[in-house]
Amino acid sequence: MGTDGSSRIEDRAEELRAEAQELQARLAERLEGLREQAGRADEVVRAFAREKPILAICCAAGLGFLLGRLAARI
């Protein structure tokens, strides 16, 4: 039984390694997708700030004010 038991443990360990590698690959794909989305969002925000700098400053100030109020409540 000792050999059979250790063989099953080794098999299960190999299954878990394969699952972990698959999960790592999926997470890497999702992370890359998030990086691409963040890059596009950055481009949009920068373009908006170049086109309407006063409005962008007002939006940033308003957002900072709201976040400050929320943080003060916590």
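Using 0.36 nm per residue and subtracting the Cα-Cα separation, the extra length available between ARG73 and GLU36 on full extension is 9.9 nm. Would you work out which of LEU31, SER7, ILE57 lies farthest towards the positive end of the dipole of the chain, given +1 charges on the beta-carbon of Lys and Arg and -1 on that of Asp and Glu, about the Cα centre? Sorting the options by dipole projection puts first ILE57.
Determine the calculated [θ] at 222 nm for the chain from helices alone, applying -39500 (n - 2.57) to every DSSP H run no shorter than 4 residues and normalising by the residue count; nearest 500 deg cm²/dmol. Calculated mean residue ellipticity at 222 nm is -35000 deg cm²/dmol. Taking a sphere under 13 Å around the Cβ of ARG26 and counting the other residues whose Cβ falls inside, with K and R at +1 and D and E at -1, yields a net charge of -3. The phi torsions of segment 58-68, fed into the Karplus equation with coefficients 6.51, -1.76 and 1.60 and a -60° offset, translate into couplings of 4, 4, 5, 5, x, 5, x, 4, 4, 5, x Hz, rounded to whole numbers, with Gly and Pro shown as x. Put a plus charge on the Cβ of each Lys and Arg, a minus charge on the Cβ of each Asp and Glu, and nothing anywhere else: the dipole of the chain about its Cα centre is then about 860 debye.
Kirkwood radius for the chain, taken over all pairs of different Cα atoms as the inverse mean of 1/r, rounds to 17.2 Å. Residue exposure proxy: PHE48, PHE65, ordered by other Cβ atoms within 10 angstrom of their Cβ from fewest to most, comes out as PHE65, PHE48.
Principal-axis analysis of the Cα atoms of the chain puts helix 2-51 at an angle of about 10° to the longest axis.
Coordinate-derived values only; no laboratory data. No experiment lies behind these values; they were computed from the predicted model shown. A quick note on method: Cβ atoms are made from the backbone with ideal geometry, for glycine too, and the neighbour counts reach across all protein chains shown.
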